[in-house]
Amino acid sequence: MIDIDGDDTFPLIHANIDFRQDIKWHSKIVLQSLIKILLIYIFGLFMKLSQLHQGQKATIHGFCELSKDVRKKLMVMGLLPNTPVTLIRRAPMGDPLQVEVRGVSLAVRANIADSIVVEAN
């Protein structure tokens, strides 16, 4: 490594980069996800989108165990937290699910619907 300022420290240390904010933000997101999972499985307050009955309405609360790309794609389609959603119907073999969000009908795979946390209305 090139010694820029006369000592053996890493040059990025001298830049005004504070990684503590990123760590706090990431920790907060992980904690929120864990709390949601606990509420789902222990207390039964929340359920998965795939557990709704035909015609049942719910409010989206978040996503569990989905990659960043899949979450982004769902959000672009309108599946955002605090958004009302209605399960219209299931395909004959159970996959995909037809849901209505903001007046738009969408088809969602069952494995993705298993990762969408909702609160039934």
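The values are calculated or read from the model by the stated rules, or taken from the named source; none is laboratory data. This one's a predicted model, so the numbers in the text were calculated from it and none came from an experiment. Here Cβ is always computed from backbone atoms with ideal geometry, including for glycine, and neighbour counts include all displayed protein chains. Just so you know, the surface numbers come from the protein's heavy atoms only, side chains and all, with ligands and any DNA or RNA stripped out. Shrake-Rupley method; radii C 1.70, N 1.55, O 1.52, S 1.80 Å.
Computed values, structure above
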item: Residue order for Lys57, Lys48 - accessible surface, 1.4 angstrom probe, largest first; result: Lys57, Lys48
item: Karplus-derived HN-Hα couplings along segment 103-115 (A = 6.51, B = -1.76, C = 1.60, θ = phi - 60°), whole Hz, x at Gly and Pro; result: x, 10, 8, 10, 9, 10, 4, 5, 5, 6, 4, 5, 9
item: Karplus 3J(HN,Hα) series, Hz, for segment 51-68 with 6.51 cos²θ - 1.76 cosθ + 1.60 (x for Gly, Pro); result: 8, 5, 8, 4, x, 6, 9, 8, 10, 6, 10, x, 10, 10, 6, 10, 6, 4
item: Candidate residues Met93, Met75, Met47: accessible-area rank, largest first, probe 1.4 Å; result: Met93, Met75, Met47
item: Neighbourhood net charge (13 Å Cβ-Cβ; Lys/Arg +1, Asp/Glu -1) for Pro96; result: +1
item: Net charge contributed by nearby residues that have their C-beta within less than 14 Å of Ala107 (K/R +1, D/E -1); result: +2
item: Segment 59-121 - percent of accessible surface contributed by carbon and sulfur, probe 1.4 Å; result: 52 percent
item: Cleavage-rule hits, GluC sites (Glu not before Pro), segment 40-121, DSSP coil, Cβ neighbours within 10 Å at most 16; result: Glu65
item: Sequence-distant residues sharing a close amide H with His61 (under 5 Å, placed H); result: Asn82, Val117, Val118, Glu119
